Every structure is written in structure tokens, then in C-alpha cells.
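The structure appears below as C-alpha cells.
We did not get these values from a lab; they are worked out from the coordinates using the rules stated. Since this is a predicted model, take the numbers as computed values, not measurements. Virtual Cβ from ideal backbone geometry, glycine too; neighbours counted across all protein chains shown.
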């Protein structure tokens, strides 16, 4: 199948599945035409990911089954009816069309990325690598790796039909399209509270936000989870304003899809559930919401529990009994807590920093928070004074506002996220950011009838959009160069994926019966032969922990995992990862090599660099060593 046809079919399937769900809940008829299509896609996106999980668990991941699911789901589009787009109340003016032209520029930039090979490190490491692994196996496989292996993967399940039926181009086009869907949904949500022009301006701010530019066109899940959050929040607000109980069920299902996509979704489920407890009828609303969340969001937790004994692997180590003791141990549990979670905390978790975190994250550009390249930009902070002024002028209407439940939900989610020990990376708040953007805009625009306030507010919009479009232009340079030069896939990857030359050599020289161990996560998707990702913290099957690792144990684990080759970048005597006696991957390889358990096969030169956006600034050539494991000569055998 061609990539475009597969993407179109999967789009129709998502809209159709969502339309069926909303029709069954009796909600589809309550929505305006534009809302019907966007809500259906958001709901159907979650339903498709939910269905593919069970297909993979039943070992039915093959092309006939995937095609059948997409075709059957696509018939649900017939439920949408006509028209598909809500007409504007008045004719759009020059400002609207100027904003539309800018949005069209963004679409062109995104299309350049969507038609190029994938280059984002996290996407190559697991967002795309795991679906590729599952397709090759024809089933889901448990990956006992913390942080990016044994995690909820509902969003990534939607990548499987695209990649399995249409190849890599369909995969990148699908991520581009699902990234656009968030903007379209946000526009329809804004139209409930704002004019078409203000809604389009807000949409342009959202889709050019640095963290959206970073993740929407790649396999990153946060942008797509924002769809679940938007629909869930509106369903919560409708239920609290006297809407039928079916809205509480829809809120639970959409929140469950978030929980099935990332552990952090559990925080949103709690925040949404607490919000629903406000007002009368809280018990019934809460019970129905809980049923929906459990049905939609717990399958991956059950999967982890069945295969490891820990539903949130490996966070309950020491509290539950593991089915395979080799998956994790106390040393790695302590190391993960001290190194990973300790490194992810930048500011103290107290009420003062709860208030100050947004300012530091926006203004300081902390490296761990990643607020420079993947932050939210300056818009919200610049709009806060106008929002406060707008709230003050409408202070007598706040309790009855349709946005009051949404504002409460945003506040609860932020507080729970901050105090529950989650990573303080800014982009992890992206799913909730559109709700914050909506609330701030609606409050600020309440002052639009005062020209003294309106002009500087418009200046904030203009400044933010101009700044963020400039950032997107820089981000798009690599993709524009790719198409203008007419380069092939290898040339693009050579320039944009550090160490790609190693993956190219491994694909050309190893067989499908081989298995290579390496510590370069950005190459996992690009390597076509079986791999094992070596990490000192996130996995324990190939132990690199200083207190327990040693050459003999390392070699035993290598052979047990079926590893035939080892690939690594030798370090100089002065460039080490810790103390000289720490058994890193490279030192352990050196030990078994000297013992005769591995022998040199090849040295491969590959281009490396620090920044994917500006790779030419610090590009260099690194040498990677490839070793063949030789158990027949090993004294440890």
C-alpha cells in the first residue's frame, strides 16, 4: 500500500471509531459539525491504540488483521453526517486571513518534516523502535527496561498500522497528521468561548510553541495526549454543569487513554476525578468516571504485572515479588532513584516553588527542565496581567463560568504533578498546556472592549507568534535542505542522527541471526538486525552496576541474551564515566576481550554532533569498535 493511502485510511478509521464511541454514549448529536470530526478523531485515536494492544497481545500483528481493523473502523465515518465544518457567524476579516496564511506556512514546514526520515532521538530510541520490534515479532514483547521499555504504550500502538502497512513514510506522515489534529481540536474548543479570529490566533500560538514543534512531528507522545486531555476536560466541565452522566463516562475513558499512554496520566485521572467530586451527584459521577478510566487505561499495567509482577515496572520493586528476579535488583532500584529521579528534580517541592516554578522554567532555561528548546515560550507569562484584569472585571461571574471547572482541573493537575515526585521537565506538562492557554486567553480577551488594554494584548500575540515562527524556521532548516538538495535517506540521516554510520555498517554486515549490544539509543530504530540496548541504570539483564558487575558475570549475561556482537565508542583515559575502577560497558568489553571472550571485527567511523537542530556547529568524526563474541575461546564458559 502507498503511504498516503494508509495514512488516509488510518485517519478515517480513527474518526470512525471515535464517532461510534460518541454515538454509543449519546454525545455525538450534542456537538457542532467541526466538533464532531475533531472529537471523533481524538476519541478514535485512543480507541485504535486500545484495540491494537489486544491484537498484539493475542499475537495477531500481521497485515491482514491490521487492514481489517482500519477498514472496519473507517465505516464509522458515516455517522458524522453533514456538514463537517461549522460555518463562521460573520465573514472573516483581513486579520483572520493573515493568521490563516501564517498557519499555512506552519503546515508547509510541518509537511517538510513529515515527509523526511525520522531523526528525533527519543522517537528512534523507543517511540518508533518498539513498534518496529513488535511488527517484526508479530506480537507484543515485554521489554524489561525502565523509563522507555516497560511503560504504557497506547499512543505508540497507533504507529503500528502506519509502519506495518505503509512503511516509514506512512509512519512520519501519521505523526505529522496526529500532531495537526491537536491544533484543529484546540481551535474548536476555543470557538466555544472566543471569536474565530481570537481562536485562530490562539491555535497559531499553540502549534508554534517550542515543545509542540519539538514533539508534534516526531513520535513524542505528549502532543497527542493533549487530545485526550482536551476532550476529557470539556466532558468534566459539562458533567459538572448539569450535563448527563454519560459525560462523566466519556471523561473517564479519555483520561484512561492518557493513563494508558504514560504513567503521568495517573496524575490526570486523579485530578479529573477530584474535579468531578465538586457539587451534587458526586458519587455517581465519580463511580462512572472511574469505570471508564479503568476500562480504557489499565491494560498496559496488567501487561507489566503479568510479565514482571510489577504493574508500574520497576517502581514497586521491593514491595511486590517479581516473576523474573533477573529483571531488576536492589542496586538498580537505588541507582534509578538516586541518579534518574534525583537528576530530574531541579527545585524543592514546597509551596513557594510551586508558585515560582513557571517563572524559573520560562525565564531561566534550565538544562534539566529543557525549557529552552522544549518549553512553552513567553506567551502565558506575558498574558497573565491581562488575564488578571479580565478576571477582575468579570469577578461576579467566575463561579458560573463554563471554564471554572477546567481552571480547577488545571490547578489540581499542576499541584499533583509538582508534589508527587514527577520529573520536572517542562514538556511533561504539555498535555495540560492547551487548557491553561484556553483559560488565560478567555480571561484576557474579556478586556478586548477596552482599547487601551487590547492593543498591548495584540502586541503580545504578535511578538509570541513572530518569535516562535522564527524558532520553527531554524528547526526546519535541516528538512528544507534535505528536499532542496534532493538527498536520499542515508544522506539525511548522516547529517541529522549522530552516529548513523554505525547503524549503516551493522545493517550491511550483520545477519538476522546476529544480535548486537550497544549503548547508542538513537540508533535502535535504524538498525535492522536484532539489538540489545545497554544502559547502566534502566536495565539489569546486562549488569553495569559497579558493586555487582564483573567480566565473568558480564560474559555470562551476554551469552544468555544471545548477543553475538558488541559495538561501542572507545573512551580515552581521561574521558571516563566515573571513577577509574567503575565497570562501564567499555571497560567490561575490554576485560572480556583480553580474556579471549571477544575479538575485534571492525572499526567504523561515523559523524557525531551534539545538536540535531544545528548539527554543523560541533560536528566531529568518532570511531566505533565492533567486536565478535567468541565463547569457544573464553575461559569463563
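When restricted to Cα atoms, region 401-485 yields an Rg and a Dmax of 17.9, 53 Å, respectively.
How far is the Cα center of region 245-264 from the Cα center of region 283-320, in Å? What the calculation gives is 13 Å, centre to centre.
Across the chain, the volume of the C-alpha convex hull divided among the residues equals 163 Å³ per residue.
For the chain, the longest principal axis of the C-alpha atoms and the axis of helix 94-114 are separated by about 20°.
A protection proxy built from the mean count of other Cβ atoms within 10 Å ranks the segments 296-307, 463-474, 213-224, 262-273, most packed first, as 213-224, 262-273, 296-307, 463-474. Distance from the C-alpha centroid of region 518-540 to that of region 359-436: 36 Å, rounded to the whole angstrom. The packing ranking of peptides 412-420, 97-105, highest mean first, is 412-420, 97-105, where packing means the average number of other beta carbon atoms within 10 angstrom of each residue. Counting every other Cβ atom within 10 Å of each residue's Cβ, 328, 392, 39 order from fewest to most as 392, 328, 39. Peptides 120-126, 488-494, 550-556, ordered by how many other C-beta atoms sit within 10 Å of their residues on average, highest first, read 120-126, 550-556, 488-494.
Region 358-406 gives an Rg/Rh value of 1.16, both radii derived from C-alpha positions and Rh following Kirkwood. The C-alpha atoms of the chain define a longest principal axis, and helix 404-419 lies at about 20 degrees to it. With everything on Cα atoms, drop me the angle between helix 3-24 and the longest principal axis of the chain, reported from 0 to 90° to the nearest 10. With both axes taken from Cα atoms, the answer is about 50 degrees.
Residue order for 338, 148, 528, 110, fewest other beta carbons within 10 angstrom first, comes to 338, 528, 148, 110.
Here the extension length gained between residue 473 and residue 60 equals 144.5 nm, from 0.36 nm per residue of separation less the Cα-Cα distance.
Per-residue ellipticity at 222 nm computed for the chain from its helices equals -18000 deg cm²/dmol, with DSSP H segments shorter than 4 residues left out and the rest contributing -39,500 (n - 2.57).
Remark on region 208-260: ratio of C-alpha radius of gyration to 2.2 N^0.38 Å is 1.34. The spacing between region 164-210 and region 89-133, judged by their C-alpha centroids, is 8 Å. Relative to the globular-protein estimate of 2.2 N^0.38 Å, the Cα radius of gyration of region 282-372 stands at 1.52.
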